[in-house]
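A short write-up of the structure that comes next.
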Ligand SMILES: [Zn+2]
């Protein structure tokens, strides 16, 4: 079973336990509410695709409106490149498996598709952060003691 789902189920059971104080449970619910958006996205069947589309769009806007991004979305010099126009190439969106589609595109493309590589990494960071918070919440519930959650910087 998906680890995120398993953790949610374990947390649900712990929150029902009469042996854990209300204070710890309230703390746990508060911590979880802060990652709820990420949990929902991770559990959507097409969550990764939504993340990809949003990430490419967001970076495109940042690059074209004097935002934080200073590097082009793709290193190729092809003016017809979808990524340079803030779109996901259809050969990726039409692929049965997005990871396979990404790899194939990367292999065939004439320049490094930076934005896709970053999107893959930020998706994986998102998952790692959710798992980190879930595991911390579980052990705090088991010990019936709230803790300070300091996620590693790379996850933020
Ligand atoms: Zn390109």
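Read-outs: derived from the displayed coordinates by stated rules, not from any lab. Since the model is a prediction, treat every value here as computed from it, not as a measurement. Because the Cβ atoms are built from the backbone with ideal geometry, glycine has one as well, and the counts that use them run over all protein chains shown.
Figures for the structure shown
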| item | result |
| --- | --- |
| Subset of the stretch 71-88 (residues that are closer than 15 Å to residue 57 by Cα and surrounded by fewer than 19 Cβ atoms within 10 Å (Cβ to Cβ)) | 71, 72, 85, 86, 87 |
| Residue check for residue 140: crowded, with 17+ Cβ neighbours inside 10 Å, assigned to a helix (DSSP H, G or I) and more than 16 Å from the ligand (Cβ to nearest atom) | yes |
| Neighbours by Cβ (under 9 Å, 6+ apart or cross-chain): first from the stretch 57-78, free of Cβ contacts under 8 Å to residues at least 24 places away in the same chain; second away from the ligand (no atom under 16 Å from the Cβ) and assigned to a loop (DSSP other than H, G, I, E, B) | 58/67; 62/68; 63/70 |
| Flag for residue 150 being surrounded by fewer than 14 Cβ atoms within 10 Å (Cβ to Cβ), at positive phi and either within 13 Å of the ligand (Cβ to nearest atom) or part of a loop (DSSP other than H, G, I, E, B) (or both) | no |
